[in-house]
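Colleague: Quick one: structure below, then a few questions.
The values are calculated or read from the model by the stated rules, or taken from the named source; none is laboratory data. Just so it is clear, the structure is predicted and the values come from calculations on it, not from any experiment. We place every Cβ from the backbone using ideal geometry, glycine too, and count neighbours over all the protein chains shown. What goes into the accessible areas is simple: the full protein's heavy atoms, side chains included, and nothing from ligands, DNA or RNA. Shrake-Rupley method; radii C 1.70, N 1.55, O 1.52, S 1.80 Å.
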Amino acid sequence: MARWCNLCQISFVTHRGFTTHNRHVHKNPKPPRPAAQEPIFRYHPHLNARPCDREGNFLPANTPPPPSEGINDFTPFEDRPSFEFAELLFEKMRSSSADINQLLQILSAKRVIQTNGQDSSNGFFSSTDTMYHTIDDIDFGNIEWKTIKVRYTGPMDPEAHWMHDEYEFHYRDIEQALVNMAGSAEFENSWDYVPFEEYPAQNNRQFSNLMSAHFAWKQAIAQDPATHGAMLFPLILGADKTTVSVATGHQEFHPVYASAGNLHNSMRRAHGEAVIPIAFLPIPKTVRQHSDSAAFRAFKKQLYHHALAHVLAPLSPWMTTPRVIRCPDGHFRRAVFEIGPFIADYPEQVYVSGVVSSWCPKCRARPTELDKAGPPRFREHTECLLETFDAPTLWDVFGIDSNVVPFTYRFPRADIHELLSPDLLHQLIKGTFKDHLVDWVTQYIYLTAESEAEAKRIMDDIDRRIAAAPSFPGLRRFPDGRNFSQWTGNDSKALMRVYLPAITGHVPTQVSECIAAFLDFCYLARRPTHDTKTLHDMDVALTKFHELRTIFEDIGVRPDGISLPRQHALIHYIKSIQLFGSPNGLCSSITESKHIVAVKRPWRSSNGFHPIEQILAFNTRLSKMAAARMEFGRSGMLQDNVLTDALLSFEAFEGRQTQADTDARFQEEADAAAAPGFELNDLQDEARLPKLRENIRRFLHDDNFPELDPGDAIPLEQCPYIAKNLRIAVY
C-alpha cells in the first residue's frame, strides 16, 4: 500500500521509505530559504561613461563599437610557431641566452642531418640576439623607458660627495601606459565604467571593487558640466623598495607600479598586465659621515616626491579636461583621470605622506596615543599648518616634516592622507599577528615560566601541536612547528589557522580570546566583498580586541602601553573599505608579487653589469609579448594548438584536406582522452541533434574568444576543430 506525504505531496511505495523520509526531512525541518532578492544598483548620474567617437562626440544609445583594426599575420615573427617559440623560451621558461643558443644549435644540427648537409637553418631564429631583436620590433605595447639624471641644487658642501653626484631616474610615459591598459580587450569583462552603489538588501550597501565605493562616487569633478558623460579613470599607484642581492653588493631598486582603478580586484591580483612598472626611483647613498645629516635626509625625500610628480605630470591636463581613449569593450569614451589609492607599507607611507616616523599618516594621533583614533589629516589643514608654524613646532607637535611637500599637492583633488590604502600584509598578517601577538605570547611564556628550560619546553610543546595539524585542504602543515627564521606572508597566513588551539592551556584565557577577536577581524577584513553587516562585525571584533589586548600590559609584556603604528592602522580600516572597497585589491602583497616578475627575475637574467638597463629592456619585452598575444588572439589567429593549426592550414593550402583525413589524424588524440560515454558522432545521432558538433564548435569559439565576432556570424572553418569520434561523458 502506497504511503503519501501531505507536506511534500509525494508518494512512497514502502512504509520504510515513508518513515525514512519523515525522519530525514520532517523530524528536524530546515527553515525555508528566503527568496533571493535581486540587488539594486544605483549608477552615477553624471560620470556615466557615454560612448563617443574619436573626436569626443557622444553617440546615440546602443551604437555598436567601431571595428578594430584587424591583423592577418604574425609580424614581426615569421609565423605562429616562431611567436610561440619565443614566448615559451623568453616568457614561460625564462631560459638564459646560452641555453637558447644551445637549443637553436641543436635544432640546426638536426636539420643538417636530415638534409644531408644541404640546409643548416633551424626554422626559428639564428641566435638569441635575433630572437630578442624580433621581440623588440613588435609594434604592440610599445612604451619605451626614459632616463634622466638629477642632482642636488642647494648650498654645496665640498666634503659631501652626495651633493655632487648625479642620480639616474627611469620612467615610462604614464599616459600612454594607461591608454594601452584601457584599450586591452583582455579586461573587457573586468572593467567598471561607471561609479555605482550596490544594495543586496534594504539598508545594506555592498563594497567590493574601487568603483563601488565612496571614493569614485563623490569625486568633485562631476560638478563640472564639461565632464558630464565622461568616464572616471582612477589611477592606483604602489611603491615598494626591494633588495635583490644582499651578499653581492646589496643591490636595491625602488619600483613604482600603476594600475587602473576601473579594474576588478581579482584581475589586479592575477599578476598579469593589470599592474605594470612605470618608474624606478633613484636611491641616493652616501658615506656614514653624512648619511644621518638633516640635509641628506631632506634631499632623499624631496627627490622622491619630485620624481613621482614628474612621472604623473602628463596626466595633469586630463584631470580637469576629458581625454578620449578606447576602452576594453571597443568603444571610445571621454576619460577624466584621478589619482587614486596609494599602496605602501608603513615606512613608505611615512615617506610619501611627509609625516614624522612613528606618527600616523592618516590622523593626528600622537605617537604615545596610537591606541585610539585622532583627528583626521587632510590636505587643506596640512597646508595651513605649514604656513603658520615653524619647522620644530611642525615636527614635535603635529608630526609633519616641513622639508617635504607631497607630490599630490601638484595635482587637483589629490590628498595623500586620504589616498593611503589599508595594507593587509604588513599591518594585519606580518605586523599585528606575527610581529606583535605571536611575539608577545612568546615573551609571556618566558616571563612567567619557572625557568628558561621550562619556557623552552612549553615552546616545544606549542611547536608539536602546530606540527600535529592533520592534512586537510586549506591547512598547511608545519613539520617542525614555527621554529624557523625566514617567514613569508603565506607562512603567517597559514600559521593563523592553527596557532590559537596550539597555545590554548599555556596562556591565560584572555590572551586566547584576544587573539580570537583579532582573527575574527582579520578574516573579515580579507573578504573580497563587504557590506554594512560585515563592517559592523569588524567594528565589534576590533572593539573586543582593543579591550582584551590590555592583558599584555597587565602581565608585563607591554608595560609602557600599546601604541604601535601598524596596530593603530586597524582603526582606519572600516572607513577605508567604505572609501576604496575591499583591501585585498589594494594590498602590498600585489606589489611584492610584482617584484618577482618586474625586478628579481630580470635581475637574475642580467649579467650584473649596469643591471637596471637590462631590467628595463626585459620589462619592455614582457609588455610587448603580452600585447602581441592579446592582439593575435583578438584577431582569431591563436585558435587550436600550434600543431593542429599548422596541419589544418597546410592541408587547406594544399587543397587535400578531407573530413576523413582530419578525423583520422585526431583519432590518436581522441583515444588518449577517451572517457566513459559516447563518441560525439553517436551522441549526435542518439539525441537526434544533427548540428550538435557544429554548435559545440561555435560555442567553443565564443567561450575562448569573447572579444571576436560571435560564432554564429563566422564560417564554421574559423571555429575550433573537434573530431567526430571525440568521446563525450554524459550524466
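Colleague: Using r as the Cβ-Cβ distance of Thr63 and Asp157, and R0 as 51 Å, what FRET efficiency do you calculate, to the nearest 0.05?
Modeller: Working from the Cβ atoms, E equals 0.20.
Colleague: Then there is this: Pop a pseudo-label 7 angstrom from the Cα along the beta-carbon direction at both Ser127 and Gln302 and give the gap in nm to one decimal.
Modeller: Between Ser127 and Gln302, the simple spin-label model gives 4.8 nm.
Colleague: So what is the relative contact order for the chain, in percent, with contacts set as C-alpha pairs under 8 Å and at least six apart?
Modeller: After rounding, I find 15 percent.
Colleague: Between Ser593 and Glu452, what is the label-to-label distance in nm when each label sits 7 Å out along the Cα-to-Cβ direction?
Modeller: Label-label distance for Ser593 and Glu452, simple model: 4.3 nm.
Colleague: State the extension gain, in nm to one decimal, for the chain segment bounded by Glu166 and Val356, taking 0.36 nm per residue of separation less the distance between their alpha-carbons.
Modeller: 65.7 nm
Colleague: Mind jotting down the distance between the C-alpha centroids of segment 144-222 and segment 77-99, whole Å?
Modeller: Cα centroid to Cα centroid, the span is 32 Å.
Colleague: For segment 467-542 and segment 269-302, what is the separation of their Cα centres, given in Å?
Modeller: That distance is 34 Å.
Colleague: Report the convex hull volume per residue for the chain, counting only C-alpha atoms, in Å³.
Modeller: 263
Colleague: Between their Cα atoms, which of Lys434/Lys493; Lys300/Lys430; Lys434/Lys533; Lys149/Lys285 are more than 21 Å away from each other?
Modeller: Lys300/Lys430; Lys434/Lys533, as the Cα separations exceed 21 Å there.
Colleague: Magnitude of the Cβ-charge dipole of the chain, K/R +1 and D/E -1, about the Cα centre, nearest 20 debye?
Modeller: Dipole about the Cα centre, nearest 20: 2120 debye.
Colleague: Under the rule of at least 5 residues apart or a separate chain, name every residue whose amide H is placed under 5 Å from the amide H of Glu338.
Modeller: Phe233, Leu235
Colleague: Where Lys and Arg each count +1 and Asp and Glu each count -1, what net charge lies around Glu553 among other residues with Cβ under 14 Å from its Cβ?
Modeller: Net charge in that neighbourhood comes out at -2.
Colleague: Go through segment 586-650 and name the chymotrypsin sites (Phe, Trp or Tyr not before Pro) that are in a DSSP coil and have 11 or fewer other Cβ atoms within 10 Å of their Cβ.
Modeller: Filter output for segment 586-650: Phe609.
Colleague: Shifting gears a bit: With a cap of 16 neighbouring Cβ atoms within 10 Å, and only residues DSSP puts in a loop, list the trypsin sites (Lys or Arg not before Pro) found in segment 78-122.
Modeller: Loop-located and lightly packed - Arg94.
Colleague: Which order do you get for Val441, Val112 if you rank them by accessible area with a 1.4 Å probe, largest at the top?
Modeller: Sorted descending by solvent-accessible area, the residues read Val112, Val441.
Colleague: Just the number, please: carbon plus sulfur as a percent of the accessible area of segment 424-580, 1.4 Å probe, no ligands or DNA/RNA counted.
Modeller: Of all accessible area on segment 424-580, carbon and sulfur atoms account for 50 percent.
Colleague: Quickly estimate the mean residue ellipticity at 222 nm for the chain, helices only: each DSSP H run with n ≥ 4 gives -39500 (n - 2.57), and the total goes over all residues, rounded to 500.
Modeller: -11000 deg cm²/dmol
Colleague: Kindly state, to the nearest 0.05, the FRET efficiency for Lys149 paired with Ala391, given R0 = 30 Å and r defined as their beta-carbon distance.
Modeller: Efficiency, rounded to the nearest 0.05: 0.50.
Colleague: OK, next. Work out the FRET efficiency for Phe678 and Asp712 from their Cβ-Cβ distance, taking R0 = 22 Å, and round it to the nearest 0.05.
Modeller: In this case the efficiency is close to 0.30.
Colleague: Also, I was wondering about something else. Expressed in nm to one decimal, what extension gain is obtained for the pair Glu91 and Gln37 from 0.36 nm per residue of sequence separation less their Cα-Cα distance?
Modeller: 14.9 nm
Colleague: Once fully extended, how much extra length lies between Ala294 and Ser108, figured as 0.36 nm per residue of separation less the alpha-carbon to alpha-carbon distance?
Modeller: Computed gain between Ala294 and Ser108 is 60.7 nm.
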